[in-house]
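Structure first, then comments.
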Amino acid sequence: MKATTLIARDELRLMARNRVAVIAFTLLVLLTFVAVLSSWSHQREIAELRQRHAAIAEAAFKAQPDRHPHRVVHYGTFIFRPLGPLAAFDPGVDAFTGNSMFLEGHRQNTANFGDVRQSSLLIRFGQLTPAFVLQVVAPLLLIFLGYGVLARETERGTLRVLMLQGASRGQIVRGKLAALGLVALLAGLPAMVGFGLIAGQPGALVLPMLMIALDYLAYLALWVVAILLVSALVRHSRDALLALVAVWAVVAILLPRVAPDVANAAVPLQNRLQTDVAIARDLRQMGDSHNPDDPHFAKYRQSVLDQYGVKTVGELPINYKGLLSIEGERLTSSLFDRYAGESYEAQVLQNRLVEATGVLSPTIAIRALSMAAAGTDFAGHRRFLEQAEAYRYALVQRLKKLQADDVSYADDTARDMEARQRTRVSSRNWQEMPDFTFVAPNGTTLARAALPDLAIVIGWLVLATLLLALATRHLGERR
């Protein structure tokens with residue numbers, strides 16, 4: 001154990017004498033602090049902006065005067081997706097999916113105003129966040145610091161000297177491993193400190209925080225072991241550097257960029273225009289509530305008349321136009337839900353294909369885990385969309401029920417101005433409408449979603465450790 005400690009100290013001393021390494025490490029620490037501060041500040045501004053606009057939208061909706069309930073249905077309102085505490089650490093897909101929705105009757109709108117569409121093209125190449133620094137930048141620094149830890153000893157012939165002095169192969173490797181591992185911990189410490197400060201906000205969940213911290217620890221450990229493995233397999237430091245940089249470029253840059261394109265080609269997704277055209281076609285086939293001879297709505301009208309025991313809609317104790325509007329919204333919403341469900345399933349399959357490449361790239365696996373635990377992945381976005389649609393449907397149907405209950409059919413079908421005045425209901429009705437409240441998932445749900453990707457990263461770490469143990473047995477042998 002003493003030999004292991006001496007080797008580790010000697011390696012750290014050698015790294016400290018390398019000015020380039022010291023400067024690079026210092027820059028990484030500064031970059032991490034900048035990433036933490038900028039990401040936290042950016043997300044806080046976004047959260048405050050969304051809260052402010054949400055309050056303005058709610059106030060505008062409730063400030064409407066007395067009017068016909070159907071006009072309120074078309075007036076609509078905006079809602080905004082709230083951000084969780086961990087979004088500052090890893091914003092995930094939030095910048096690409098949009099953050100607000102306009103809710104109205106007869107339509108199921110998509111989220112709008114994603115940061116990518118409003119910002120410069122630089123944001124498309126990756127945001128400067130603590131997660132990005134740990135996933136991409138930190139491994140590159142470790143490569144430049146550790147590529148020669150074992151290859152250098154072999155190249156200079158000092159490896160045999162160490163072994164002649166009584167150090168075993170295992171002690172040499174463990175000493176080098178301890179030195180580079182300490183550097184990895186120091187490199188990741190600023191991001192973890194920032195992560196702790198970010199997660200210390202109200203609403204932070206313990207299990208997802210622990211999941212993220214554990215996975216990034218395993219991820220950095222994987223790179224440390226992989227660097228020593230490559231350094232042990234080659235005879236020259238230059239070859240080790242070239243091999244490790246090539247691996248980093250493929251694993252951390254190329255595959256994460258190519259995998260989504262491959263998934264999109266394998267599982268095509270209809271764009272908004274194609275979906276709107278398909279929905280319009282199906283709506284025509286479904287029936288026209290304004291056509292008295294339409295088979296579906298004629299059957300519905302007869303069922304209502306039979307229910308109340310009357311001959312004409314004018315004799316109903318309730319406004320038939322309101323009932324008809326409720327039925328029409330039910331049908332169109334079911335159609336919207338079907339198309340939305342098909343789109344969700346296609347996107348889920350695309351994401352599964354991308355995450356499956358985590359078997360080839362641990363960077364993809366940790367990226368998926370980080371977003372899942374932070375609640376900023378596609379599942380989190382879908383959760384918002386589904387809750388928004390449920391709120392929209394309930395709000396619209398409640399307004400249409402007001403038309404059915406509080407507006408008479410005679411006034412609703414009359415053309416004179418006095419009748420229009422009588423169709424207006426009190427503004428108190430929309431002032432009492434409940435506001436949209438996003439129900440965030442609990443910590444167990446988020447942690448469970450991250451488990452498969454954690455298993456992939458740990459599996460990579462175990463495999464790399466076994467290969468390093470095997471390479472250690474033949475360390476120093478002539479090849």
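Just so you know, all these numbers are worked out from the coordinates, no wet-lab data involved. What you are looking at is a predicted structure, and each value in this text was computed from that prediction instead of being measured. Methodologically, a virtual Cβ is constructed for each residue, glycine included, from the backbone with ideal geometry; neighbour enumeration extends over all protein chains shown.
Pairs of lysine residues in the chain that meet both criteria, 8 or more places apart or on different chains and Cα atoms under 22 Å apart, total 10.
What whole-number distance in Å separates the alpha-carbon centres of the range 9-38 and the range 75-114? Comparing the Cα centres of the range 9-38 and the range 75-114, I get a distance of 39 Å. All other residues whose Cβ lies under 13 angstrom from that of Y308 are scored, Lys and Arg at +1 and Asp and Glu at -1, for a net of 0. Rounded to the nearest Hz, the phi-derived 3J(HN,Hα) couplings of the range 67-73 under the Karplus curve 6.51 cos²θ - 1.76 cosθ + 1.60 (θ = phi - 60°) are 7, 5, x, 5, 5, 5, 4, where x marks glycine and proline.
Highest average first, the peptides 178-189, 361-372 ordered by how many other beta carbon atoms sit within 10 Å of their residues are 361-372, 178-189.
Remark: C-alpha extents of the range 2-473 on the principal axes read 107, 39, 36 Å, sorted largest to smallest. If R0 is 22 Å, the Cβ-Cβ spacing of L242 and T26 corresponds to a FRET efficiency of close to 0.30. Round to a whole angstrom and tell me the spacing of the C-alpha centers of the range 166-237 and the range 439-479. If you average the Cα positions of each part, the centres end up 12 Å apart.
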